[in-house]
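Input: a single structure, listed below in C-alpha cells.
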Amino acid sequence: MRTFEFIRPKDPAEAVAIAAQAETAQQGANIRFLAGGTTLLDLMKLNVETPVRIIDINRLPLDTIEATPEGGLKIGATARNSDLAHHAKVRRDYPVLSQAILSGASTQLRNMATTAGNLLQRTRCAYFRDTAMPCNKRDPGTGCSAITGSNRTLAILGASEHCIATNPSDMCVAMAALEAIIHVQGSNGMRAVPIGEFHLLPGETPHRETVLEPGDLVTHVTLPPPPFAGATATKQVYLKLRDRASYEFALASAAVLIAIEDGNVTGARVALGGVGTKPWRSPEAEASLIGQAAIQVNFRKAAEMALRDAKPQSENAFKIELAKRCLTHALNMAVAA
Ligand SMILES: Cc1cc2nc3c(=O)[nH]c(=O)nc-3n(C[C@H](O)[C@H](O)[C@H](O)COP(=O)(O)OP(=O)(O)OC[C@H]3O[C@@H](n4cnc5c(N)ncnc54)[C@H](O)[C@@H]3O)c2cc1C
Ligand code: SF4
C-alpha cells in the first residue's frame, strides 16, 4: 500500500470541499472517502485503488436511522449494515432489506460496513483485483480479461463488449425493489437520485460505475413507505443462491414484494442480484404478474420475462436457469410466508 494523507473533516461541507479537488469520483480517484473500509482498504492493499488523500467520514453525524413523517425511512450514510438490518422498523416494514443485508458477508463485516459503502462496493471480478491482468474497469482501454477467461460468476444482464462484471451487493437489490432514493451533497448543493439511476451500465465506460462526481458525498438514503398500502396481504422475500451457505456472494438472488387479493397478484416488485452489471429491477416480470393468479406457473412466466434478455458468457449459461428458479422460488416463498 502507498502512503496517503489522512483527513478528518469537521463537517460534511468540509468533506465535500476537499473531495471536490479530486480528478474523478470513479475508478482511479486520487481522493476517497473512508467509511467502514471493508472495500476500500482491500483494494488499496492490492494497489487497485491508490488515493493520495483519505477523508474519514466516520465522525460526521451521518449514522442515524429514523422514520420519515411520510411513513418511510431515512438511513444515514454511515449507518452500519448490522444496525440497519436489525432496526425494528426495517424488520417490520422492510423485511426484504433486512434479509438481504443479513445474507451478505459476515457479522464482523456487517458491523463495519456502511450504507453508502455498500452502495459503492466494487465488483468481485478477479481480474479487476489483479493489477497484472488487463481490465477495462480498472485501466480503461486495456481490454477485458474475463470475456475470454474465467467468467462463471459474472453478469448475464447489462453487460457490454467492454465489461461483464457483476454488481455484488445484496443490499442494493432490496433497495432497488423498494425504490430507494440516494441523497448526495455535492459542490452545488444537495440532489436526490433514484437508485435505478445511481449505478451505470458499463457500456463503453466501465470505469464509470455511478453518477457521482468529484466532491459528491452520499449523506443518506430514503425509503418510501412500504408499497401496496391497503392490500390484504403483502409479502417480502430476499432469496440468495450461492456456492456455499454463508460468507459468499450471490450467483443469483431475488428481492420480491408482492400484494395478493383473493388469490390474485395486485402489486409486484422484482429485482435480481448476482446476474446484472447493476442491481437489476425487472419491470417486465412485475407487469406479467399483475392481475394473474398467485401460482407457480405464473411465477415461472414472470421469471422467463425477467431473464428474456440474458446473454451468457462462456462459463455462466447455468445462471439463466438458476436465476429463473431463484425468482420463481422467491415468489412461492412470499406466497407461503
Ligand atoms: C470478505 C467479504 C465478503 C463480502 N460479502 C458480501 C456479500 O455477500 N454481499 C454483499 O452485498 N457485500 C459483501 N461484501 C461487501 C461489503 O458489503 C462491502 O465491503 C461494504 O458494504 C462496504 O462498506 P464500507 O462502509 O466498508 O465501504 P468503504 O470500503 O469504506 O467504501 C467503499 C467505497 O465507497 C466510498 N464511500 C463510502 N462512503 C461514502 C459516502 N458517504 N459518499 C461517497 N462515497 C462513499 C468509498 O470512498 C469507497 O470508494 C463483502 C466484503 C468482504 C470483504
Ligand atoms: S469484466 Fe469488467 S472488471 Fe472484469 S476484467 Fe472485464 S473489464 Fe475488468
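A short reminder: the numbers here are calculations on the coordinates, not readings from a lab. Treat the numbers as computed from the prediction; the structure is a model and nothing was measured. Methodologically, a virtual Cβ is constructed for each residue, glycine included, from the backbone with ideal geometry; neighbour enumeration extends over all protein chains shown.
For segment 160-259, what percent of Cα pairs sit more than 15 Å apart?
Value for segment 160-259 (Cα pairs over 15 Å): 71 percent.
Give me the number: length gained by fully extending Leu201 to Ala293, i.e. 0.36 nm times residue separation minus the C-alpha to C-alpha distance, one decimal in nm.
Working: separation 92, 0.36 × 92 = 33.12 nm, distance 3.38 nm.
Gain on extension, Leu201 to Ala293, equals 29.7 nm.
Let me see the P(r) profile for the chain: every Cα-Cα distance counted, bins of 20 Å, each bin given as a percent of all pairs.
Percent of Cα pairs in each bin: 32, 58, 10, 0.
Quick one: what Rg and Dmax do you get for segment 115-190 from the alpha carbons, in Å?
14.9, 44
With the alpha-carbon atoms as the only input, what is the per residue convex hull volume for segment 95-238 in Å³?
141 Å³
Which of the pairs Lys74/Lys137; Lys240/Lys324; Lys74/Lys324; Lys45/Lys319 have their Cα atoms more than 23 Å apart in this structure?
Details: Lys74/Lys137 32 Å; Lys240/Lys324 12 Å; Lys74/Lys324 33 Å; Lys45/Lys319 31 Å.
Cα-Cα > 23 Å for Lys74/Lys137; Lys74/Lys324; Lys45/Lys319; rest within.
Provide the FRET efficiency to the nearest 0.05 for the Arg124-Asp309 pair, computing r from the beta carbons and using R0 = 25 Å.
0.65
If the elastic network links every pair of Cα atoms under 10 Å, which of Leu109, Leu46, Leu154 fluctuates the most in the Gaussian network model of the chain?
Its mean-square fluctuation being the largest, the pick is Leu46.
Once you list every other residue whose beta carbon is under 9 Å from the beta carbon of Leu43, what net charge do they have if Lys and Arg are +1 and Asp and Glu are -1?
On the way: positive: Lys45, Arg122, Arg129; negative: Asp42, Glu49.
So the environment of Leu43 carries a net charge of +1.
If every alpha-carbon in segment 1-125 counts as one equal scatterer, what log10 I(q)/I(0) does Debye give at q = 0.19, 0.23 1/Å?
Here the Debye-derived log intensity ratios amount to -1.08, -1.34.
By how many nm would the segment from Ala337 to Asn264 lengthen if fully extended, with 0.36 nm per residue of separation less the alpha-carbon distance?
Full extension of this stretch gives 24.7 nm more.
In what sequence do Thr64, Thr115, Thr328 fall when counting other Cβ within 10 Å, fewest first?
Working: Thr64 12, Thr115 29, Thr328 22.
Fewest-to-most ranking of Thr64, Thr115, Thr328: Thr64, Thr328, Thr115.
Please give the Cα centre distance for segment 14-60 versus segment 306-337, rounded to the nearest Å.
Segment 14-60 and segment 306-337 have Cα centres spaced 35 Å from each other.
In which sequence would Glu204, Glu213, Glu49 go, from the one with the fewest C-beta neighbours within 10 Å to the one with the most?
Glu204, Glu213, Glu49
Based on the Cβ-Cβ distance of Ala132 and Asn30, what FRET efficiency does E = 1/(1 + (r/R0)^6) give at R0 = 25 Å, to the nearest 0.05? Before the final figure, lay out the partial values.
On the way: r = 22 Å, r/R0 = 0.89.
Calculated value: 0.65.
Can you work out the PRE-style zone for Ala233? Point 7 Å along Cα to Cβ, and I want the residues of segment 258-291 with backbone N under 12 Å.
258-266
If Lys and Arg each add +1 and Asp and Glu each add -1, what is the summed charge of the other residues whose beta carbon sits under 12 Å from the beta carbon of His220?
Every neighbour counted, the sum reads -1.
Where the convex hull is taken over the Cα atoms of segment 276-337, what is its projected area averaged over directions, in nm²?
With every direction weighted equally, the projected area is 4.4 nm².
Starting from 0.36 nm per residue, how many nanometres of slack lie between Glu66 and Ala88 once their C-alpha separation is accounted for? Provide the component values of the computation, followed by the final result.
Numbers: separation 22, 0.36 × 22 = 7.92 nm, distance 1.04 nm.
Once the chain is fully extended between Glu66 and Ala88, it gains 6.9 nm.
What shape does segment 194-305 take by its C-alpha gyration tensor, where a ≥ b ≥ c are the square roots of the eigenvalues and a/c under 1.5 counts as rounded, a/b above b/c as prolate, and the rest as oblate?
It is prolate, given that a/c is not under 1.5 and a/b is the larger ratio.
Can you figure out the FRET efficiency of Lys10 with Gln108, using R₀ = 22 Å and their beta-carbon distance, to the nearest 0.05?
0.15
Mind giving me the nanometre distance, one decimal, between the label points for Val52 and Thr3, set 7 Å out from Cα along Cα→Cβ?
Spacing of the two 7 Å Cα→Cβ label points: 1.2 nm.
Please tell me the relative contact order of segment 135-228 in percent, rounded to the nearest whole number, where contacts are Cα pairs under 8 Å and at least six residues apart.
30 percent
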